Amino acid sequence: MPDASDAEAAAATSTVGVGSRAVRNTALVLAARVTSRSIALITVLATMRHLGPDPFGRFQTLVTYTAVVTVLVDLGFNTLYVREAARRPGEIGRYLSNMVAVRLAMSLLGLAVLAVALRVPGLEGYLLPGFLVMILASLSQLLRQTFYALQRVGYDAVETVLEAFVLLILTAYGILTGQGVAFFIWAYAISYAFACAFILTVLVARGIARLELRFEPRLVATWLVASLPLALTFVVTTLYFKVDVPILQLFRSFNEVGWYTAAYKPFEALLFVPMSMLNVIFPLLAIYHREAPARLAVGVDRFYKLLLLIGWPLTIGVLVLAPGLTRLLGLFPPAEPALEILALGIVFMFVNNTWIATLNAIDRQAAFTWAALASLVVNVGLNLVLIPAYGYLGAAFATVLTEAVLFVIGWLLTRRYLRPVPVVRLSWRVILAGTVMGALLLPFRGATEYWMVLGLVLLGALVYTGAALLLRALDAGEVEMMKRAVGR
């Protein structure tokens with residue numbers, strides 16, 4: 001790095017080969033997720049327009065409740081499974097068999113809790129499809145972790161695209177035949193069932209893992225102790241991502257829930273980018289921690305910068321072009337101000353994955369649990385204060401402030417247990433490049449014609465890329481790593 005220490009530069013050189021493989025995997029996963037999430041976004045926007053604000057609010061409330069109850073089924077095993085499978089690939093079949101058995105057993109508890117929870121918003125009539133969405137989504141997420149543990153992400157890339165097409169076809173049928181909320185919940189359940197069937201077929205056919213009816217109490221007990229911080233973190237992070245919808249529904253109408261979740265959908269659709277990158281980079285950082293500690297700090301810095309490189313221009317672009325994007329995406333008109341507010345949280349949502357990956361990779365998952373718990377307390381408090389006064393806009397502000405708090409806490413914990421990530425040195429060029437892009441787009445903020453909005457998005461991307469190159473936002477080592485990845 002031009003402005004890095006000699007030690008960092010030496011470590012960077014030694015990690016080019018492995019790093020470029022991570023870049024290739026990340027690029028492959030992102031390409032597949034861009035395709036699948038674009039299809040999924042089209043699907044959910046079409047569902048939104050078909051149902052209208054009140055039914056769409058009910059639909060999203062149900063989805064939120066299933067996501068919250070899923071934490072009882074997961075128990076934090078997903079992250080632990082990736083870490084341990086990456087370190088001991090020969091044990092994957094054994095590990096996965098035990099995890100599936102535990103997941104199915106815990107689903108019974110999840111069913112009971114979901115049945116009680118859905119009575120609060122009066123959605124108990126959707127219990128069966130909601131339960132199937134919960135358990136099948138949980139199982140598909142567990143199964144796909146095998147590909148990331150082994151860095152064989154091509155299979156996951158294919159599956160995510162096919163799954164999105166299945167959901168699109170079912171949604172199109174539902175719209176054409178005038179179906180209601182229940183049908184679209186069933187459509188999600190079927191798409192997750194397809195994902196499970198596809199992944200299991202690949203795992204068995206390619207000899208990656210052989211599932212057996214297997215339950216080892218000693219292994220499960222050992223993992224349960226190790227995963228408790230991860231489980232608590234999962235509970236906490238799920239709640240602070242999802243708690244705003246139940247609170248909003250308690251104080252306001254399903255219409256406001258529909259407006260808020262409509263604005264949240266583009267925000268949520270972007271989550272796949274940092275999460276996909278996290279799935280690829282996390283096993284690599286975990287291996288570095290055990291086998292090559294000198295490489296870990298360089299890997300963390302580059303992961304942070306890569307997340308910022310993508311997250312910052314998205315924040316600026318969505319904030320400046322919110323009126324046009326609202327019309328382009330066909331969101332409910334009241335969703336526009338919420339979309340502007342949520343745009344401020346995109347960059348935090350991206351870079352916070354640096355702290356998640358780092359602390360879990362260095363076996364400090366308990367530390368991040370406390371960070372997530374503090375964020376949850378802040379989020380619930382903010383929602384309880386802001387939603388009664390400002391409704392769905394208050395919920396949007398609470399989301400942004402929570403992400404900002406998590407950024408600060410995560411950085412401090414990484415500083416304590418590893419070393420301080422040089423945020424200013426890594427960020428200023430990227431921030432300046434994004435600011436240049438925003439200044440150029442600002443005069444066109446009022447544009448709402450479809451072709452004009454699409455043109456501005458493309459123009460912004462070109463300006464940002466050019467500014468980032470001129471400002472050398474990527475250092476020589478990172479450019480070399482990119483070249484090697486593309487070349488292969």
Item to complete: Whole Å is fine, so just give me how far the alpha carbon centre of region 200-261 lies from that of region 117-183.
Response: 14 Å
Practice prompt. Would you mind computing Rg(Cα) / (2.2 N^0.38 Å) for region 316-423, counting N as its residues?
Written response: 1.23
Item to complete: With θ set to phi - 60°, apply the Karplus curve 6.51 cos²θ - 1.76 cosθ + 1.60 along region 442-448 and write out the HN-Hα couplings as whole Hz, x wherever there is a Gly or Pro.
Response: 3, x, 9, 4, x, 5, 10
Response to the item:
Rounded to the nearest Å, the spacing of the alpha-carbon centers of region 445-471 and region 317-394 is 24 Å
Item to complete: Please report the base-10 log of the normalised intensity I(q)/I(0) for region 149-193, using a Debye sum with one equal scatterer per alpha carbon and no solvent, at each q in 0.16, 0.24, 0.34 (1/Å).
Response: -0.48, -0.79, -1.14
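Skip the ligands, DNA and RNA, and give the accessible area per residue of the chain with a 1.4 Å probe, whole Å².
Accessible surface, normalised per residue, equals 41 Å².
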Discussion item. Output needed: percent of Cα pairs per 5 Å distance bin for region 340-381, bins running from 0 to the one holding the longest distance.
Written reply: 6, 20, 21, 25, 18, 8, 3, 0
Worksheet, complete the sentence: Ranking 455, 410, 421 by how far each Cα lies towards the positive end of the charge dipole of region 346-457 (+1 on Lys and Arg Cβ, -1 on Asp and Glu Cβ), the top one is 421
Practice prompt. Largest first and to the nearest Å, give the Cα extent of the chain along each principal axis.
Written response: 63, 62, 41
Discussion item. With n ≥ 4 as the cut-off for DSSP H runs, can you work out [θ] at 222 nm for the chain, using -39500 (n - 2.57) per run divided by the number of residues, rounded to the nearest 500?
Written reply: -29000 deg cm²/dmol
Fill in: Accessible surface of residue 408 - all protein chains present, 1.4 Å probe, nearest 10 Å²
80 Å²
Worksheet item: Per the 1.4 Å probe, what fraction of the accessible area of the chain, in percent, lies on carbon and sulfur atoms?
Response: 70 percent
Practice prompt. Averaging sequence separations of C-alpha pairs under 8 Å and six or more residues apart, then dividing by the length of the chain, give the relative contact order as a whole percent.
Written response: 22 percent
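With r as the distance between the Cβ atoms of residue 35 and residue 452 and R0 = 25 Å, compute the FRET efficiency 1/(1 + (r/R0)^6) and round to 0.05.
Numbers: r = 25 Å, r/R0 = 1.00.
Between residue 452 and residue 35 the formula returns 0.50.
If you put +1 on each Lys and Arg Cβ and -1 on each Asp and Glu Cβ, how big is the dipole of the chain around its Cα centre, in Debye rounded to 20? The partial results should precede the final answer.
Numbers: 37 positive and 26 negative charges, 179 e Å.
It comes to approximately 860 debye.
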Worksheet entry | In sequence order, calculated HN-Hα J values of region 357-366 (Karplus, 6.51, -1.76, 1.60; Hz; x Gly/Pro) | 5, 5, 5, 5, 5, 9, 6, 10, 4, 5
Worksheet entry | Positive minus negative residues near residue 95 (Lys, Arg vs Asp, Glu; Cβ under 14 Å) | +4
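What does the net charge come to around residue 354 if you take all other residues with beta carbon closer than 14 Å to its beta carbon, with K and R at +1 and D and E at -1? Intermediate results must be reported in sequence, preceding the final value.
Details: positive: 302, 305, 364, 415, 419; negative: 301, 403.
So the surrounding residues net to +3.
The values are calculated or read from the model by the stated rules, or taken from the named source; none is laboratory data. Since the model is a prediction, treat every value here as computed from it, not as a measurement. FYI the Cβ positions are ideal-geometry reconstructions off the backbone, even for glycines, and counts take in every protein chain you see. Please note that ligands, DNA and RNA were not included when accessible areas were found on the heavy atoms of the full protein model with its side chains. Shrake-Rupley method; radii C 1.70, N 1.55, O 1.52, S 1.80 Å.
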